[in-house]
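Working notes for the structure below.
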Amino acid sequence: MDKIFQAAVIGAGPAGASATLYLARQGVRVALIDQAIFPRDKACGDGIPFKTVRLLEELGISRDALFANGKQISRMQLFGPRGTLLEFTDQTGAGGKNGCIPRKHFDNLLFEKAAQSCTGLFQGHRLIDLQKRSDHYDLIVKDKNSGRKVTVQARLIIGADGGNSRVARLTNLLPRDAAHHFDGLRGYYLGENFGDAIRIFYDPRVLPGYVWIFPVADNMANVGIMTRRKKEKQPGWLQDLFYEVLNTNSLLRPFLQSAQPVGPLRGAPMPLGTLKGSRTGDGVMLIGDAAGFIHPVTGGGIYWAILSAKKAAQVAAQALSRNDVSQASLREYERWWRRTIQPGFKYSARLLGLLSDQKNAGRIFPLAAKYQPVANLFGALYGKQLPRLVWLNPFFWKAVLLSRQ
């Protein structure tokens, strides 16, 4: 196999597979590298918003293929810390529903397309090291089965290798900060009909995060927890908290009364979109979770993963055509995410601050039940990027101030 490429994508999840497809469409010779053998499981809530479905159609994945192993969703229920219920029905029409699809199936759909499009495929190969040369990078990857090391050469690297990105560490990009991290954990449960609603529980012990029940089939649900990373906690603290909430939250328990766990729990780090730092370097770009493109309130990241892959591939292809992959040549990607992604994350972080305080969190949900502008805030968060105007709406802040009296 040829080991000299124009670009190398590290990580074959949604971000990496999408970047590979977009690069290949622009005629770039691209290597796709991942330490796993696909199909593989992945810790996630499995939620797929309708705007992601539209992006996937650009990549040749139809709704029918997408939901063959998943569940279309028509309702969302949010349970506040004091038990207040907010319910939202799907407003996107029958052709644009949100959905829940196990990542093992979802990721494999994208991976199979990317594997057919890339110039070189290295699955089951782990990135060990990378060395910068005058006009390219040498990537040292190790076959996990044979232990054999292979050197892959590429002019440009796209890091799509998740929240613990090795590319970010080896290139000293985007240092991780516990203050801007959540930790997530999920398992699958078999039970009676879980319906077509996703359910989110803002338990006081988990704030500013939440516990979720997302149906992936009529009789199976993804059940998980995400919350702020806590340095002082002992190993296993998140699993202990997860089971504690499942066993004692009176709002949640009825939905899992006859359910039984299937398979192991899986966890993952969640670097939030509030992380400060550059997502580009000389010949290097970060996308998806590796770039910290995870929503500070919802924990969602798949839409941003594919969207950032699309833009990164466009900028990378242009830079390669100019024979200049310096950080300055990749500046358009940096400008794009700061203009397109960062504003919504910044304003969402303000709500995260409110949810971090148990008293404030307890007030917000009754307000949302009473004032439609506040309810729309949650609807916007879970349906699309939070618009700046929400925070400029005087009725929202009037409602917040009234709640504090």
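The values are calculated or read from the model by the stated rules, or taken from the named source; none is laboratory data. Nothing here was measured: the structure is a model prediction, and the numbers come from that model. When we count neighbours, we look across all protein chains shown, and the Cβ atoms used for this are built from the backbone with ideal geometry, even at glycine.
If you filter the stretch 244-273 down to residues that are β-branched (Val, Ile, Thr) and touching a Leu at 6+ places or on another chain (Cβ under 8 Å), you find that the one that is surrounded by the most Cβ atoms within 10 Å (Cβ to Cβ) is 245. Entry remark, the stretch 200-237: residues being of a type outside the set (A, V, I, L, M) and closer than 14 Å to residue 71 by Cα number 5 in total.
Quick test for you: out of 374, 325, 297, pick the one residue that is among the aliphatic types (A, V, I, L, M), without any contact (Cβ under 8 Å) to a residue 60 or more places away in the chain, surrounded by 21 or more Cβ atoms within 10 Å (Cβ to Cβ) and not assigned by TED's automatic domain parsing to the domain that holds residue 188. From the options 374, 325, 297, the qualifying one is 374.
Once the stretch 151-182 is narrowed to residues that are modelled with pLDDT under 95 and among the hydrophobic types (A, V, I, L, M, F, W, C), the residue that is nearest to the chain's Cα centre (by Cα) is 182. Would you mind stating whether residue 170 is farther than 20 Å from residue 273 by Cβ and not assigned by TED's automatic domain parsing to the domain that holds residue 77? Taking the combined requirement at face value, the residue satisfies it. Just the residues that are surrounded by fewer than 18 Cβ atoms within 10 Å (Cβ to Cβ) and of a type in the set (A, V, I, L, M, F, W, C), please, taken from the stretch 350-371. Answer for the stretch 350-371, where residues must be surrounded by fewer than 18 Cβ atoms within 10 Å (Cβ to Cβ) and of a type in the set (A, V, I, L, M, F, W, C): 354, 369.
The set of residues from the stretch 124-139 being part of a strand (DSSP E or B), free of Cβ contacts under 8 Å to residues at least 40 places away in the same chain and farther than 30 Å from residue 229 by Cβ comprises 131, 138. Quick one: in the stretch 183-204, of everything that is over 23 Å from the mean Cα position of the chain (by Cα) and assigned to a loop (DSSP other than H, G, I, E, B), which residue is surrounded by the most Cβ atoms within 10 Å (Cβ to Cβ)? Within the stretch 183-204, the match that is surrounded by the most Cβ atoms within 10 Å (Cβ to Cβ) is 194. Scan the stretch 205-243 for residues that are buried (at least 17 other Cβ atoms within 10 Å of the Cβ) and basic (Lys, Arg) and the total you get is 2.
Output the number of residues of the stretch 327-383 satisfying the condition of being of a type in the set (A, V, I, L, M, F, W, C) and within 22 Å of residue 304 (Cα to Cα). Residues that pass the stated criteria total 12. Being assigned by TED's automatic domain parsing to the domain that holds residue 281, of a type in the set (A, V, I, L, M), surrounded by fewer than 21 Cβ atoms within 10 Å (Cβ to Cβ) and more than 20 Å from the chain's Cα centre (by Cα), is that true of even one residue in the stretch 134-147? Within the stretch 134-147 (the criterion being assigned by TED's automatic domain parsing to the domain that holds residue 281, of a type in the set (A, V, I, L, M), surrounded by fewer than 21 Cβ atoms within 10 Å (Cβ to Cβ) and more than 20 Å from the chain's Cα centre (by Cα)), the answer is yes, since at least one residue qualifies. Is it fair to say residue 294 is under 22 Å from residue 16 (Cβ atoms) and in contact with a strand residue (DSSP E or B) (Cβ under 6 Å, 6 or more places away or on another chain)? Against the criterion (under 22 Å from residue 16 (Cβ atoms) and in contact with a strand residue (DSSP E or B) (Cβ under 6 Å, 6 or more places away or on another chain)), residue 294 qualifies.
Residues are listed down the side, and each one gets a yes or a no for (1) without any contact (Cβ under 8 Å) to a residue 12 or more places away in the chain; (2) aliphatic (A, V, I, L, M):
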site	(1), (2)
150	no, yes
153	no, no
160	no, yes
163	no, no
169	yes, no
177	no, no
183	no, no
200	no, yes
